[in-house]
Amino acid sequence: MDRMLGRVLVIVPTYNERDNLPRIVERLRAALPDVDLLVADDNSPDGTGKIADELAERDDHVHVLHRPGKQGLGAAYIAGFQWGLERGYDVLVEIDADGSHQPEELHKLLAAVEGGADLAIGSRWVPGGKVINWPASREFLSRGANTYTRIMLGMPVRDATAGFRAYRATTLRKIGIEGVQSQGYCFQVDLTLRTVREGLRITEVPITFVDRAVGQSKMSRDVMTEALWRISVWGVTGIPDRFRRRR
């Protein structure tokens with residue numbers, strides 16, 4: 001990996017992704033052979049953890065973090081971040097196991113970090129970004145959620161819910177991940193907001209998002225409800241600070 005980037009760790013959270021995991025690992029290893037992978041498995045009933053162990057036995061770049069049970073996407077990433085920070089990685093990457101994020105585009109996020117970004121987001125909603133195989137209703141929901149987020153939180157980020165992103169280790173240490181409790185897509189907004197409030201640099205990189213072909217989406221009514229509630233609370237409680245900054 002480029003010396004300016006340092007050591008890169010790609011975190012792949014899994015829960016019942018036995019069919020998708022070998023594919024995403026193979027594509028990641030082919031796209032960027034020098035990066036390391038950490039599979040953070042939440043004790044998947046379908047045996048994903050066992051498959052991850054087998055992949056790790058055959059490849060020194062693949063590591064596995066076994067977690068006791070399904071605790072949510074945010075908790076899996078926090079555990080993965082902590083694992084990577086303890087081992088001295090310089091850049092930590094989030095990517096879905098289902099193939100919706102193209103490993104072949106990861107180099108664009110890393111280039112943005114190398115160019116000075118503290119957080120690089122693979123964005124669907126900036127010029128050049130797009131989605132494939134999504135129904136119109138899902139696209140409307142995502143665009144609407146991100147518009148609501150920008151208005152409520154006053155963030156100049158067009159895809160704050162995106163889950164394909166690269167953080168500098170220094171960014172994660174500065175924003176303080178220990179107290180993060182949000183889960184699901186709200187977790188992404190939470191960390192984005194923390195990065196903005198610390199005055200750090202965010203770069204959005206256009207990507208092509210491809211809806212999963214195998215397995216079931218983890219999106220649920222509870223995930224959406226949590227996101228709406230937390231974003232609304234953050235927006236209301238943060239209004240005084242935004243007014244003070246404008247004066």
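The values are calculated or read from the model by the stated rules, or taken from the named source; none is laboratory data. Owing to the predicted nature of the structure, the values given are computational and were not obtained by experimental measurement. Please note: Cβ atoms are built from the backbone with ideal geometry, for glycine as well, and neighbour counts cover all protein chains shown.
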Query raised in the report: Condition test on S100, is it closer than 25 Å to I207 by Cα and modelled with pLDDT under 95?
Result: yes
Query raised in the report: Is it the case that the stretch 134-155 has a residue that's under 18 Å from V93 (Cβ atoms), of a type in the set (K, R) and not in a loop (DSSP other than H, G, I, E, B)?
Result: no
Report summary line: Looking across the stretch 128-173 at residues that are modelled with pLDDT under 90 and of a type in the set (K, R), the single one that is nearest to V210 (Cα to Cα) is R138
Query raised in the report: Among the residues of the stretch 206-225, is any of a type in the set (D, E), modelled with pLDDT under 95, over 14 Å from E94 (Cβ atoms) and more than 17 Å from the chain's Cα centre (by Cα)?
Result: yes
Report summary line: The condition of being among the acidic types (D, E), in contact (Cβ under 8 Å) with a residue 24 or more places away in the chain and surrounded by 15 or more Cβ atoms within 10 Å (Cβ to Cβ) holds, among D46, D34, D42, only for D42
Query - V113 in contact with a strand residue (DSSP E or B) (Cβ under 7 Å, 6 or more places away or on another chain), hydrophobic (A, V, I, L, M, F, W, C), surrounded by fewer than 21 Cβ atoms within 10 Å (Cβ to Cβ) and within 22 Å of S100 (Cα to Cα) - result: no
Report summary line: Here the residues within the stretch 35-53 that are under 15 Å from L92 (Cβ atoms) and not aliphatic (A, V, I, L, M) are D36
**Report entry** Single residue of the stretch 155-173 satisfying the filter (surrounded by fewer than 17 Cβ atoms within 10 Å (Cβ to Cβ) and out of contact with any strand residue (DSSP E or B) (no Cβ under 9 Å at 6 or more places or on another chain)) that is nearest to P206 (Cα to Cα)
**Finding:** T170
Query - Unique residue being in a helix (DSSP H, G or I), closer than 12 Å to T192 by Cα and of a type in the set (S, T, Y) when the list is T171, T161 - result: T171
Report summary line: Residue pairs qualifying under the 7 Å Cβ cut-off, at least six apart or on distinct chains, with the first in the stretch 155-169 being of a type in the set (D, E) and the second being buried (at least 23 other Cβ atoms within 10 Å of the Cβ) and not in a helix (DSSP H, G or I), are D159/I121; D159/S123; D159/R124; D159/E204
Query raised in the report: Restricting the search to the stretch 116-140, which residues are surrounded by 15 or more Cβ atoms within 10 Å (Cβ to Cβ) and either at positive phi or of a type outside the set (D, E) (or both)?
Result: A117, L119, A120, I121, G122, S123, R124, W125, V126, G129, V131, W134
